1. Obtain the nm distance between the two label points defined at M12 and A194 by a simple spin-label model: each point lies 7 Å from its Cα along the Cα-to-C-beta direction.
2. For Cα pairs less than 8 Å apart in space and 6+ apart in sequence, what is the mean separation divided by the residue count of the chain, i.e. the relative contact order in percent?
3. What whole number of Å gives the distance from the Cα centroid of segment 197-244 to the Cα centroid of segment 35-111?
4. If a/c stays under 1.5 just call it rounded; otherwise compare a/b with b/c (prolate if a/b is bigger, oblate if not). Do that for segment 152-226, with a ≥ b ≥ c from the square roots of the Cα gyration tensor eigenvalues.
5. Given the -39500 (n - 2.57) contribution per DSSP H run of 4+ residues, what per-residue ellipticity at 222 nm results for the chain, rounded to the nearest 500 deg cm²/dmol?
6. In Å², and per residue, what accessible area does the chain have when probed at 1.4 Å with the other protein chains present?
7. In nanometres, what is the gap between the two model label sites at F42 and K54, each 7 Å from Cα along Cα-to-Cβ?
8. Label points 7 Å out from Cα along the Cβ direction at E184 and E135: separation in nm?
Amino acid sequence: MRRKVVAGNWKMNTTVSEGEKLAERLVDADVSAVDVIVAPPFTHLDRVGSVLEKTDIALAAQTLSVDTFGAHTGEVAGEMLADLGCSYVIVGHSESRGRGENDEIVAQKIERAFETGLTPIICIGEDEEVYNSGERLDFLKGQVRSALGAVDSSKAFMFAYEPIWAIGTGKTASADDAQSVIGEIRGELPKEVADDIRILYGGSVKAENVEGFLSKDDVDGVLVGGASLKADSFKAIIDGASHV
Ligand code: PGA
């Protein structure tokens, strides 16, 4: 039985103080029935981590460097994130891929995540052009296979299917469509772990649609952007996910 996941990706939003206040408002969320993760910006991790320390809400970073300690100005190493209390790291988000994070870099980041004890949340997703081309599944399976080349299947990892055309647009895949794509993605996973790996849907998830996605057999969780920036809407999503 795969436990459901609700992950909030704050992206580059909120000041540190605002982020800390948002975290304070999550402390009383009932997270007993689902795994809840928040991914604030790097600058917020220490203070948000301190607020969430007394809860079962886990901390994630939004990315990590392909390198370890050294002369890499502006980069943040997985070791630093683990030391700050992160247990997860998002890799391959389409907004990072859009800035040059190709499959090869994603693979290196996955390896660094495993080396530093972080669980990677590996994002994949097609843009509108690929969606309309009829090549969607081939494209997604290519992203999955490339990522799997870097995966240590003795350790935990997750995939998040986020169609780019659904991110921040208010458009979503239908729950049936998410189920069918995620079912195909599961089919690409190594047999011995395919039933254990959690695969999330992301793209304009909110309280009103979360239950529809999570009622599908293969959809194990949601990765939430915009609706994770308000405590009330994020808690309503956690609540909805807890009742599926
Ligand atoms: P959204 O973002 O919920 O604002 O569409 C999802 C994501 O990018 O992870």
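1. 4.0
2. Computed value for the chain: 22 percent relative contact order.
3. When both Cα centres are located, 21 Å separates them.
4. In terms of gyration-tensor shape, prolate.
5. Rounded to the nearest 500, the figure is -11000 deg cm²/dmol.
6. Per residue, the chain has 45 Å² of solvent-accessible surface.
7. 3.0
8. The two pseudo-label positions are separated by 1.3 nm.
The values are calculated or read from the model by the stated rules, or taken from the named source; none is laboratory data. Keep in mind the model is a prediction, meaning the values are calculated, not measured. Every residue, glycine among them, receives a Cβ derived from its backbone with ideal geometry; neighbour counts consider all protein chains shown. The accessibility values were calculated without ligands, DNA or RNA, using every heavy atom of the protein model including side chains. Shrake-Rupley method; radii C 1.70, N 1.55, O 1.52, S 1.80 Å.
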